[in-house]
Amino acid sequence: MRNVWTITWRELKAYFVSPIAYVVSALFLVAMGYLFALILTSTRDTSLRPFFNNMVFVLLIMAPALTMKSLAEEQRMGTIELLLTSPVHDWQVVLGKFLGSFILFVVMLLGPTLYYVLILQVFGPPDYGPLLTGYLGFLLVGAAYLSVGVFGSSLTQNQVIAFFVSLVILLLLWIADAAGSVFGAGALSDALTYIALPHHFSDIFQGVVDTTDIVYALSVVVISLFLATQVLQTRRWR
Amino acid sequence: MPEAATNGTATIQAQNLTKWYGNLAALNDVSFDVQKGEILGFLGPNGAGKTTAMRILTGYMPPSSGTARVAGYDVFSDSIEVRKRIGYLPETVPLYTEMSVWDYLDFVARLRAVPDRDDAIERVLEMTTLAERADTLIGKLSKGFRQRVGIAQALVHNPEILILDEPTIGLDPKQIIEIRNLIKSLAGEHTVLLSTHILPEVSQTCSRILIINDGKIVAEDTPERLGARVRGAEHIHLQVAHSAPEIARELERIQGVLGAQARADGVYEIETTLGADRRADIAALVVQRGWGLLELHPVSLSLEEVFLKLTTEEVAQ
């Protein structure tokens, strides 16, 4: 675990010297602030539920931007050779990279939105149950997206390609259930419906925590990071 | 070679290493040993397979076939144990340009689980004369300094084995001498494997040279003996229909011919001075005397070919 943390820590420091972290979090907060204000003034409801539902979509674009650099840049600069010849397992490199982006996400993207909770508190205490599960959903969505982003970044040494590959994977996950309806009722349709992203998080934002949804998010993380590790390993064989 | 596997003194044992890139063999059945405390130089033109061999030994990529053991551990199945014992400077120096020299070395030292990181970093900064640049961002360093940061990185955990891919590339002559002296001072305690495409580099630093060309080892010896083996001559193969004792003598009279020896009935090997093609003169003589020319072609001695390539490359630089 110390190896993972070493890589995570370097990743975090690298984020703060590159403009990506600041640009992405600023744009995210501008978009979310606008949506928050708009939703609050129109619904006059002290709840973050519509806010969270919008966030799932905005983050779809922001997460790949945060992770596009992670493994792609190492491959472009040749520093991957340092990591892969250090006494560190490939999965530790991948996990370290993922945790770096996840911590950045929590601190720079999720953290500042707690300010909205304070604003709600001023206008009338919100229902804290759905608020807490909403933030749990926020964390799960972020983790799932970022892990897909790390996988996309493992595939190429070009950050732009990494961004678009991750974005397209996430978009396909987003609309997978639409494809499911094409096949009619059946196992394939059920499977496609299951892997579709949006409905897994609508419940949690309403305050209903279903283990299926948590398992779903964690599965996306584990599978993505596993695949990224495999990609790194197959690079060695070329 | 089962006896080589049990040989406890060889720190690096590579056996029949082959690496295919598609249908191109970057390494073709290469075997060699590096003894403890020795400095072995890989010498070969660019693209000869030096980097591939080093990448296999450091666990960066597995061989297509063959095995290698480093410090007694298999590079493939005990990769992590091997990596702990190796300091590696890849061909492309793996630097994070946004980090300071100190932070970068600290990162590598953490990855390498160095116990007293500050002491270790101070030590390698001293060794590579980088102490004054400790707080400089790597992105702002010149190529020579970056190369030294790469070497410092390979030394930070005081590894048993050092694998340095072109360690002096991009350095100015003064820095080259410094780095060569540094490498020489590491011998004994450390086992060093370095690669270069510059001939004098190996003769000045290495105790043994391995010449690689087109993925194969073409020669392996001490620098002195390798030099003696290449006497600066070219060889020509001649075959004539008639055999006569005076032919060799007559051939030797041609200007530029150093010697001619009968190898078989009517077959001669002619040695000429380097860089002068005497085939036309030889053919003219054979025809004039009516010996009956059957065959005339230069003999390529792979070792000399490689040396020629290496020496011409250095002139070109």
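Could you tell me whether any residue of segment B:229-242 is of a type in the set (A, V, I, L, M) and closer than 30 Å to B:E38 by Cβ?
There is at least one residue in segment B:229-242 that is of a type in the set (A, V, I, L, M) and closer than 30 Å to B:E38 by Cβ.
In this structure, does B:H242 turn out to be loosely packed, with under 15 Cβ neighbours inside 10 Å, part of a loop (DSSP other than H, G, I, E, B) and in contact with a Gly (Cβ under 7 Å, 6 or more places away or on another chain)?
yes
Within segment B:33-54, how many residues are touching a residue at least 12 places away in the same chain (Cβ under 8 Å) and under 23 Å from B:Y21 (Cβ atoms)?
12
Only one of A:T156, A:T212, A:T193 is surrounded by 17 or more Cβ atoms within 10 Å (Cβ to Cβ) and β-branched (V, I, T); which?
Just one listed residue meets the conditions, A:T156.
Would you be able to say whether some residue in segment B:33-44 is in a helix (DSSP H, G or I) and small (G, A, S)?
No: zero hits.
Among (1) crowded, with 19+ Cβ neighbours inside 10 Å; (2) over 16 Å from A:V148 (Cα atoms), where does A:A217 come up short?
It is condition (2) that A:A217 fails.
In segment A:42-59, is there at least one residue being among the β-branched types (V, I, T) and within 14 Å of chain B (Cβ to nearest Cβ)?
There is no residue in segment A:42-59 that is among the β-branched types (V, I, T) and within 14 Å of chain B (Cβ to nearest Cβ).
Is there a residue in segment A:140-163 that is under 18 Å from the mean Cα position of the chain (by Cα), farther than 30 Å from A:L84 by Cβ and not β-branched (V, I, T)?
Yes.
What pairs can you find where one residue is in segment A:212-226 and within 16 Å of A:F102 (Cβ to Cβ), the other is among the acidic types (D, E), and their Cβ atoms are less than 9 Å apart, with a gap of 6+ or different chains?
none
Would you please name the residue that is farthest from the other protein chains (Cβ to nearest Cβ), looking only at residues in segment B:31-59 that are within 24 Å of A:T234 (Cβ to Cβ) and aliphatic (A, V, I, L, M)?
Of everything passing the filter in segment B:31-59, B:A53 is farthest from the other protein chains (Cβ to nearest Cβ).
Considering segment B:28-51 alone, what residues qualify as being β-branched (V, I, T) and in contact with a Gly (Cβ under 8 Å, 6 or more places away or on another chain)?
B:V30
The conditions are (1) within 14 Å of another protein chain (Cβ to nearest Cβ); (2) of a type outside the set (G, A, S); (3) buried (at least 16 other Cβ atoms within 10 Å of the Cβ), and A:V17 fails exactly one of them. Which is it?
(3)
Kindly provide the set of residues from segment B:93-106 that are facing chain A (nearest Cβ under 8 Å) and of a type outside the set (S, T, N, Q), ordered by number.
If the condition is that a residue be facing chain A (nearest Cβ under 8 Å) and of a type outside the set (S, T, N, Q), then B:V93, B:P94, B:L95, B:Y96, B:E98, B:M99, B:D103 are the ones that fit.
Just give me the residues in segment A:29-79 being more than 18 Å from A:L197 (Cβ to Cβ) and buried (at least 23 other Cβ atoms within 10 Å of the Cβ), in sequence order.
A:L48, A:M68, A:K69, A:S70, A:L71, A:A72, A:E74
Yes or no: B:G150 assigned to a helix (DSSP H, G or I) and either free of Cβ contacts under 8 Å to residues at least 12 places away in the same chain or within 20 Å of B:H190 (Cα to Cα) (or both)?
The answer is yes for B:G150.
B:F107 fails exactly one of the following numbered conditions: (1) closer than 24 Å to A:E73 by Cα; (2) under 24 Å from the mean Cα position of the chain (by Cα); (3) assigned to a helix (DSSP H, G or I). What is the number of that condition?
All conditions pass for B:F107, except number (2).
Considering only residues that are among the hydroxyl-bearing types (S, T, Y) and surrounded by 15 or more Cβ atoms within 10 Å (Cβ to Cβ), look in segment B:60-81 and name the one that is farthest from A:R236 (Cα to Cα).
This residue is B:Y73.
Has segment A:76-88 got any residue that is among the basic types (K, R) and either modelled with pLDDT under 90 or touching a Ser or Thr at 6+ places or on another chain (Cβ under 7 Å) (or both)?
Checked segment A:76-88: no residue is among the basic types (K, R) and either modelled with pLDDT under 90 or touching a Ser or Thr at 6+ places or on another chain (Cβ under 7 Å) (or both).
Inspect segment B:61-79 for any residue being under 21 Å from A:V88 (Cβ atoms), in a strand (DSSP E or B), away from chain A (no Cβ under 12 Å) and among the hydrophobic types (A, V, I, L, M, F, W, C) and give the result as yes or no.
yes
Test of understanding: among B:A109, B:A113, B:A131, which residue is within 11 Å of chain A (Cβ to nearest Cβ) and modelled with pLDDT under 95?
After applying the criteria, what remains is B:A113.
The values are calculated or read from the model by the stated rules, or taken from the named source; none is laboratory data. Source: prediction; values computed, not measured. Note: ideal-geometry Cβ built from the backbone for every residue, glycine included; neighbour counts use all protein chains shown.
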